[in-house]
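Colleague: This is the structure I have questions about; it appears just below.
Rule-based calculations on the coordinates, nothing more; no lab input. Just so it is clear, the structure is predicted and the values come from calculations on it, not from any experiment. Here the Cβ positions follow ideal geometry from the backbone for every residue, glycine too, while neighbour counts run over all protein chains shown.
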Amino acid sequence: MNRVQVVVRVRPVLPHEDVEHVAVSCSPEADKVQVMLPDKSITNKQQLPGASRSGAKSYSFDACLPGKTTQAELFETCGMHELVEAALDGYAVTIFAFGQTGSGKTHTMIGPRLSRMVDSGNSAHSKPGTQQQQHQQHQQQQEQQQQQQQKQYSEADDGLLPRCLDVAFKSIQERTEKSEFVVTASCLELYNEIVTDLLGPDRTRQCQVRQDAQGGFKVDGLTEAPCKSAAAALRAISRALQYRHTRAHAMNEYSSRSHCLMTFNFASKGRLEEGGDKGVRRYGKLVL
């Protein structure tokens, strides 16, 4: 596997959009994406199969996935299982989603079930009352919302993050005879050039980004929540994402207005007994 892979995912055509004149299409080989440019003319030989008008340019990537691609197919195409295993082996792995508003980044990264859990938390924060009342109302709404989402959405809708966590903790379970793991989660937001710890007790504090001894970068005082299971990790991230800056617009009711980094650190120590990794320590991380 290459160190850097670029995968393009084309979102489905929405009901209010012009189905007959789709501007972006993928090649049958799933390695090229074509963008229609009506103001330019080219020969038909330069168009991908299915192109209906002139002015098309094609671009090659590691993979190009059409709108009908499922979350499971995306996970498989991106080689996510291997990337998660690499993080557990001590490597630093990053999955980076980039695209314009409404292009499907949140759907791809976390999926509708976790998104709706975050939305329910946002609405709970706006209710009046004492802190204790707000906390109780918040917990009740979350439980009700989660029960509703379990019925409305299935695991097939889950995005990359919950799928990665599921693979990670299953693999950790399989490795327990050789190594013991400690997993922590952190979540930070970059909004208007200000870094905020979304899991910290004080979300008004501006975090400082500094260079570490290895030449990389670190965020001073970033909260790391211990995670003993995939469910615990999801709860931590759901709690953090409720405090992201969002704003409604014509394409998305809960559009995020910031950059967000969700990091899972995997610290492992090999067991000294027979069959173990003889005390070897590894420190990997998975960043989304």
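Colleague: I want to check the label-to-label distance for VAL287 and HIS245. Put each point 7 Å from Cα in the C-beta direction and report it in nm to one decimal.
Modeller: 2.1 nm
Colleague: Hey, another quick one. List the pairs from LYS68/LYS170; LYS68/LYS269; LYS32/LYS269; LYS105/LYS218; LYS218/LYS269; LYS68/LYS218 whose alpha-carbon separation is above 32 Å, in the order I gave them.
Modeller: LYS68/LYS269; LYS32/LYS269; LYS68/LYS218
Colleague: Hey, another quick one. Assuming 0.36 nm per residue, please report the length gained on full extension of the stretch LYS57 to VAL280 beyond their Cα-Cα distance.
Modeller: Details: separation 223, 0.36 × 223 = 80.28 nm, distance 5.09 nm.
Working it through step by step, the gained length comes to 75.2 nm.
Colleague: Looking only at region 82-105, which residues have a backbone nitrogen under 20 Å from a spot 7 Å from the Cα of HIS16 in the C-beta direction?
Modeller: 100-105, by backbone N distance to the label point.
Colleague: Moving on. Can you give the FRET efficiency to the nearest 0.05 for LYS68 and HIS259, using r as the Cβ-Cβ distance and R₀ = 30 Å?
Modeller: Details: r = 29 Å, r/R0 = 0.96.
Once rounded, the FRET efficiency stands at 0.55.
Colleague: In addition: Just to be sure I understand the model, the point goes 7 Å from the Cα along the line to the Cβ. What's the resulting LYS170 to VAL4 distance in nm?
Modeller: Taking the simple label geometry, LYS170 and VAL4 are separated by 3.1 nm.
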